[in-house]
Amino acid sequence: MKIRKNDTVLVLTGKERGKRGKVYRVNPSANVIVVEGLNMVKRHMKPKPGLAQAGIIEREAPIHISNLMLICPSCNEAVRAGTKRSEEGKKVRVCKSCQEEIE
């Protein structure tokens, strides 16, 4: 998976198409990502001890990874990410358009 937590992504399809957001949580086994403030759904929560709020709560729902694209921090565009070995021998992500490393 080439998208990680705290990356900025662009939504390609769906009701949130064209919006950008920060990755909040990644689930690689299901190939889904939760983006802060996007794909909001309403959930009905019963009152439970230890639960801060009951009632109808809005929260982010996961988006499939195929509907997202990584935003390169240096060129600020939606790009494909590749990988290469750095001088230290570590595997790093690289922007396919500007060839800069993505942290």
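The values are calculated or read from the model by the stated rules, or taken from the named source; none is laboratory data. Remember, predicted model here, so these are calculated numbers, not experimental data. Heads up, the Cβs are rebuilt from the backbone with ideal geometry, glycines too, and the neighbour counts pull from every protein chain shown. Note: areas computed on protein heavy atoms with side chains; ligands, DNA, RNA excluded. Shrake-Rupley method; radii C 1.70, N 1.55, O 1.52, S 1.80 Å.
Results, tabulated for the structure shown:
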| read-out | value |
| --- | --- |
| Qualifying residue in the range 9-18 (condition: part of a loop (DSSP other than H, G, I, E, B), open to solvent by less than 40 Å² (accessible area, probe 1.4 Å) and among the small types (Gly, Ala, Ser)) | no |
| Filter result for the condition that a residue is in a strand (DSSP E or B) and under 11 Å from the mean Cα position of the chain (by Cα), over Leu70, Leu38 | Leu70 |
| Qualifying residue in the range 44-57 (condition: small (Gly, Ala, Ser), open to solvent by 70 Å² or more (accessible area, probe 1.4 Å) and within 23 Å of Thr83 (Cβ to Cβ)) | no |
| Filter pass, Pro62 being open to solvent by 50 Å² or more (accessible area, probe 1.4 Å) and touching a residue at least 60 places away in the same chain (Cβ under 8 Å) | no |
| Hits in the range 1-28 (condition: under 15 Å from Ser66 (Cβ atoms) and not β-branched (Val, Ile, Thr)) | Met1, Lys2, Leu10, Leu12, Gly14, Glu16, Arg17, Asn27, Pro28 |
| Pair list, Cβ under 6 Å, 6 or more apart: the range 31-58 residue touching a residue at least 12 places away in the same chain (Cβ under 8 Å), other residue part of a loop (DSSP other than H, G, I, E, B) and acidic (Asp, Glu) | Leu38/Glu16; Asn39/Glu16 |
| Meets criteria (over 15 Å from Met1 (Cα atoms), open to solvent by 40 Å² or more (accessible area, probe 1.4 Å) and either touching a helix residue (DSSP H, G or I) at 6+ places or on another chain (Cβ under 7 Å) or of a type outside the set (A, V, I, L, M) (or both)) for Asn39 | no |
| Test for Val26: is it assigned to a strand (DSSP E or B), open to solvent by less than 50 Å² (accessible area, probe 1.4 Å) and in contact with an Asp or Glu (Cβ under 8 Å, 6 or more places away or on another chain) | no |
| Qualifying positions in the range 76-96 - exposed (fewer than 13 other Cβ atoms within 10 Å of the Cβ) and in a loop (DSSP other than H, G, I, E, B) | Asn76, Arg80, Ser86, Glu87, Glu88, Gly89, Lys90, Lys96 |
